[in-house]
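S.K.: Starting off with a structure, shown below.
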Amino acid sequence: MPHRRCNKFQYAPLIAALAAAALLLSACGYHVAGRAANLPSDWKTIAVPAFKNDTTRYRIEQRFTAAVIRQFIQRTKYRIIQDPESADAVLHGEILSVETAPVIFDATTGQVTTSLVTVHTKVLLVDNQSQKTIYENDDMVFRDEYQISSDVQSFFEEQDPALERMARDFSAQLVSNVTEKF
């Protein structure tokens, strides 16, 4: 009996069809996590009062509150209002602490060139009708590095932009956590 040589490309269409069928069948009944709404469907408004500031950092609560309001407006259907009494829900926030730590030093001068800032926050979303807690996180932590210029002429405090970035990151994560199931 002569030896028959198998062409390795002979079965490629069959393998591709089986792989496609397996992929389609395995996807039945499943969905990507984070797509289903976590909030009651009858809500139309959410109040976001100014966050409480437990730190000595001046006006940091304003940055975080404003960032959360922007995220809700950009990413959800909810109307953000000022009056907690007339809202369907109220989101309370608190800045617990802001810590800075040196990360990188200049080898010649010994001065700090990069610092790490860490912000601890606390958030609580309450249904105004039932007074039931819908979402709660007692310690959301965000960290970011910022540069410190040693040139007095062109000194630019990078901590404010770092805090602004952290407020954006915090608000994006918070809105995702509140509005999506995981």
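S.K.: Looking at ILE104, ALA89, SER115, which one has the Cα that reaches farthest to the positive end of the dipole of segment 44-179 (charges on Cβ: Lys, Arg +1; Asp, Glu -1)?
M.R.: Projecting each Cα onto the dipole axis, the largest value belongs to ALA89.
S.K.: Dipole of segment 44-179, Cα-centred, from +1 at each Lys and Arg C-beta and -1 at each Asp and Glu C-beta, to the nearest 20 debye?
M.R.: Charge dipole, segment 44-179, about its Cα centre: 620 debye, nearest 20.
S.K.: A further question on this structure: Just the Cα atoms of segment 44-179, one point each, no solvent: what log10 I(q)/I(0) does Debye give at q = 0.12, 0.14 Å⁻¹?
M.R.: Here the Debye-derived log intensity ratios amount to -0.52, -0.66.
All of the numbers you see were taken from the coordinates with simple rules; none came from a lab. Not measured: the values here are computed from a predicted model. Using ideal geometry, Cβ is built from the backbone for each residue, glycine included, and neighbour counts are taken over all protein chains shown.
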